[in-house]
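Working notes for the structure below.
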Amino acid sequence: MKSSNLFRNAGIVTALLASLCCITPVLAVLVGIGSIALSFSFLEPFRPYLIAFTIIVLGYAFYDVYKPKKQTGVECDCLTEENESKKRFINSGTSRLLREKAFLWVVAGITVVLLSFPYYSKFIFPNSQNNGITNSTHIMEVKLEIEGMSCPSCEHSVDYALKSEVGVLSVTSSYAAGTAYVQYDDVKIKPLQLKKAIEEKVGYKVKKYEVLYEH
């Protein structure tokens with residue numbers, strides 16, 4: 001039982017470590033502490049290994065809890081004090097095992113929530129007040145090259161930070177390409193302000209930006 005507890009705890013710790021690089025950008029934007037976004041980015045290259053290790057240790061924990069247990073039955077049904085003590089011990093062990101199984105399933109659920117965070121993180125962000133509608137004729141598009149994005153959660157954080165800016169009409173970012181394409185009203189906002197929004201709100205560095213066209 002002790003070994004299953006050890007592997008269960010190790011599983012949730014590694015799941016948390018595998019998710020920190022994705023959780024911190026979201027916290028940076030929502031809480032307003034952009035400096036933490038890159039704090040755990042060094043974990044990103046290790047994320048596949050941490051996920052694999054999490055699956056292995058939780059798998060062993062499940063095996064350890066659900067493997068057949070040796071039966072220590074009472075030799076007779078005589079109502080002796082010794083037999084009653086044995087029955088109480090067996091019942092106590094069964095109850096403890098059921099609690100261990102239930103808690104292990106809770107841990108497994110938490111692990112799934114942590115590991116899948118990058119794919120549902122966009123639903124955490126509140127709807128932006130910017131509706132993307134403008135009557136201006138000064139609509140332009142800029143390409144920003146961003147350093148630090150490593151997962152879909154990073155994209156969602158950058159998108160939210162930019163869409164929250166007055167004058168931004170649409171945003172399309174890609175963590176794989178390290179870019180964000182932004183359509184904006186040039187009367188209300190400038191590329192330099194978009195750059196600052198990413199760097200100050202999310203904590204990523206914008207290496208450069210390039211205005212692509214003007215409507």
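Under 5 Å between amide H atoms, partner at least 5 residues away or on a different chain: which partners does V211 have, H built in plane at 1.01 Å?
Amide H neighbours of V211, under 5 Å, 5+ apart: K143.
Mind running the shape call on segment 122-214? Use the C-alpha gyration tensor, a ≥ b ≥ c as the square roots of the eigenvalues: rounded below 1.5 for a/c, prolate if a/b tops b/c, oblate otherwise.
Details: a/c = 1.89, a/b = 1.28, b/c = 1.47.
In terms of gyration-tensor shape, oblate.
Between E210 and F123, what length comes free when the chain is fully extended (0.36 nm per residue of separation minus the Cα-Cα distance, one decimal in nm)? Walk me through the numbers before you get to the answer.
Numbers: separation 87, 0.36 × 87 = 31.32 nm, distance 2.98 nm.
Stretched out fully, the E210 to F123 stretch lengthens by 28.3 nm.
5 Å is the cut-off here: which amide hydrogens, built 1.01 Å from N in the peptide plane, fall below it relative to K188, excluding neighbours closer than 5 in sequence?
Counting only residues 5 or more places away or on other chains, the set is empty.
What is the packing order of peptides 45-57, 139-151, 18-30, taking the mean over residues of other C-beta atoms within 10 Å and listing the highest first?
Numbers: 45-57: 15.9, 139-151: 19.5, 18-30: 23.1.
Packing proxy ranking, top to bottom: 18-30, 139-151, 45-57.
Coordinate-derived values only; no laboratory data. None of the values given here were measured: they were computed from a predicted structure. Heads up, the Cβs are rebuilt from the backbone with ideal geometry, glycines too, and the neighbour counts pull from every protein chain shown.
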